[in-house]
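Here the structure is laid out as structure tokens; the discussion comes afterwards.
Read the figures in this text as sums done on the coordinates, not as results from a lab. All of these numbers come straight from a predicted model, not from anything done at the bench. Cβ: placed from backbone, ideal geometry, glycine included. Neighbour counts: every protein chain shown.
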Amino acid sequence: MMNCVMLVARACSHSQEEEGGKEVVLVALYVNEFGADSPPPNTGRVYVECIDGVPLRRGEPGAQREALVARIVSAYLHFVRNLGFSFVHFRSPPPHDDLCQIFARSLSLS
């Protein structure tokens, strides 16, 4: 049996905002990055495992959150392209009002 080393960088990037004196995470992006040293078939590939976000403000329309998520993902794609990655695979859909993956429930902070 041959040993295979997978060279991967895991990253979680997020956008946050201060609201009411507290930092609030708005959008999170979790990825696995396989660089040029990784063996095929993953060489030069990025796998976006999860994208999630919460409404920016109570009653916010989903379109505003979708626009923010789209800008963040677009900036990330430009970033990894400049690092030399050739392929990006999305393993999960972007968040919307009926589907949350990381922020599945809100916590009551007393």
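Would you please calculate the Kirkwood hydrodynamic radius of the range 8-90 over all C-alpha pairs and express it in Å, rounded to one decimal? Could you put the intermediate results ahead of the total?
Working: mean 1/r = 0.0717 Å⁻¹.
The Cα-based Kirkwood calculation yields 13.9 Å.
What is the distance, in nm, between label points placed 7 Å from the Cα along the Cα-to-Cβ direction at residue 16 and at residue 79?
1.5 nm
Multiply the residue gap between residue 88 and residue 68 by 0.36 nm, knock off their C-alpha separation, and tell me the result in nm, one decimal place. The partial results should precede the final answer.
Working: separation 20, 0.36 × 20 = 7.20 nm, distance 1.96 nm.
Residue separation times 0.36 nm, minus the Cα-Cα distance, leaves 5.2 nm.
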